[in-house]
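Q: First, the structure itself, so that you have it in front of you.
The values are calculated or read from the model by the stated rules, or taken from the named source; none is laboratory data. Values in this document were obtained by computation on a predicted structure and should not be read as measured data. Every residue, glycine as well, gets a Cβ built from its backbone with ideal geometry; the counts of neighbours run over all protein chains shown. The protein model used for the area step is the full one, side chains on, heavy atoms only, and it has no ligands, DNA or RNA in it. Shrake-Rupley method; radii C 1.70, N 1.55, O 1.52, S 1.80 Å.
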Amino acid sequence: MSTGTIVYLADLLRYHLKAIGSPFRSLPSGRIAVLVVAMLRHDLRLLDRAGGSGVPESTLRRWRDEMIGLLAARAPRLDRALRTIAKRGGEVVLIDGTLIPTQRRTGAENRPNYSGKHHRHGLHFLALTDERGKLIWIFAARPGRTHDATAARHDKIVEHLKTAGLGALADLGFLGVDKPENPDDLDIVTGFKATRARKLTPGQKQANRVLAAGRVPVEHGFANLKAWRVLTKLRTDPGRATALLRALLVLTNFKVNR
């Protein structure tokens, strides 16, 4: 990671400690920032990291969770992010869903987290990027079996887009989310889907190719996010996964934009 990223995190922690009137930590803010970034970037185990830094495992966990909370709080609000894109002349955003693998859970929590599409356990996330692939928002975590369209309806994505005056490009997983009275007034464009009884025309196939090319940047956005190895297989409490993803969104955008 760049020196700028470490300085950014150290300053964020210093301001927080000053605000809460707790100026003392057993290590300097810069050193704490390095430890936290190392855990997130390389998925280092707390126990291993504690042994090498001379800090108890519980202290490292507290520092990590504290930093994740500070970063997640700096993630832009969805409505503000969409308005910013509209003000600068943007017309569309890109939307897609992804599965972040998790450890297999026991009991009643096991089945909902199993994704039949990916054949593994995980948490489902929807994300929005701008037309260049910069992540602008990550929605709350849901069980891995959640369908993209179901999550999009629950998060009222169409309403948010209408309020901001934007459209969205999406894959066929979002087919049927947007159902305007006039088919030409779609806010979420998903392309055409072939069925056994209805084959696609050459024009529809060409439209799908154009749409797929326009959606390429969203895959780049996910690739930048998943470069954080802590997402290789989440071992954190699913209830904290949303904050973790939003914290990584802030760090990813800071790193990419430098």
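Q: Seen from all sides and averaged, what is the projected area of the convex hull of the Cα atoms in the chain, in nm²?
A: 16.7 nm²
Q: Of ARG132, ARG209, which has the most accessible area and how do the rest follow, probe 1.4 Å?
A: ARG132, ARG209
Q: Any idea how far apart SER26 and ARG120 come out in nm if each label point goes 7 Å out from Cα toward Cβ?
A: 3.5 nm
Q: To the nearest 500 deg cm²/dmol, what mean residue ellipticity at 222 nm is calculated for the chain from DSSP H runs of n ≥ 4 alone, each contributing -39,500 (n - 2.57), summed and divided by the residues?
A: -14500 deg cm²/dmol
Q: In square angstrom, what is the accessible area per residue of the chain with a 1.4 angstrom probe?
A: On a per-residue basis, 54 Å².
Q: How would VAL34, VAL210, VAL158 line up by accessible area, probe 1.4 Å, largest first?
A: VAL210, VAL34, VAL158
Q: Another question, then. Grab the Cα-Cα distance for ASN182 and LEU17, subtract it from 0.36 nm times how many residues apart they are, and report the gain in nm with one decimal.
A: Taking ASN182 through LEU17 to full extension adds about 54.0 nm, to one decimal.
Q: Of all accessible surface on the chain at a 1.4 Å probe, what whole percent is carbon and sulfur?
A: 53 percent
Q: Next question. With the crude spin-label approximation of a point 7 Å out along Cα→Cβ, what separation in nm comes out for GLU159 versus HIS147?
A: Output for this residue pair reads 2.1 nm.
Q: If you don't mind, there's one more thing I want to ask. Compare ASP184, ASP65, ASP43 in a GNM of the chain, Cα atoms joined below 10 Å, and give the one with the largest fluctuation.
A: Its mean-square fluctuation being the largest, the pick is ASP184.
Q: How would GLU66, GLU181 line up by accessible area, probe 1.4 Å, largest first?
A: Most to least solvent-accessible, the answer reads GLU181, GLU66.
Q: Over the chain, with a Gaussian network built from C-alpha contacts below 10 Å, which listed residue (PHE24, PHE222, PHE192) shows the highest mean-square fluctuation?
A: PHE24
Q: Run the simple label-point estimate for ASP48 and ASP237 please: 7 Å along Cα→C-beta, distance reported in nm.
A: 2.5 nm
Q: Tell me whether the range 113-224 comes out rounded, prolate or oblate; compute the Cα gyration tensor, take square roots of the eigenvalues as a ≥ b ≥ c, and use a/c under 1.5 as the rounded threshold.
A: rounded
Q: Another one. What are the ³J(HN,Hα) values, in whole Hz, obtained from phi via the Karplus relation 6.51 cos²θ - 1.76 cosθ + 1.60 with θ = phi - 60°, for each residue of the range 222-239 in sequence order, with x given for Gly and Pro?
A: Whole-Hz 3J(HN,Hα) from phi for the range 222-239: 5, 5, 5, 5, 7, 5, 6, 5, 4, 8, 4, 7, 5, 10, 7, 4, x, x.
Q: Which one, ALA33, ALA194, ALA50, has the greatest fluctuation when you compute a Gaussian network model over the chain with C-alpha springs under 10 angstrom?
A: Maximum among the listed residues: ALA194.
Q: List the relative contact order of the chain as a percent without decimals, with contacts defined as Cα pairs under 8 Å and 6+ residues apart.
A: Result for the chain is 24 percent.
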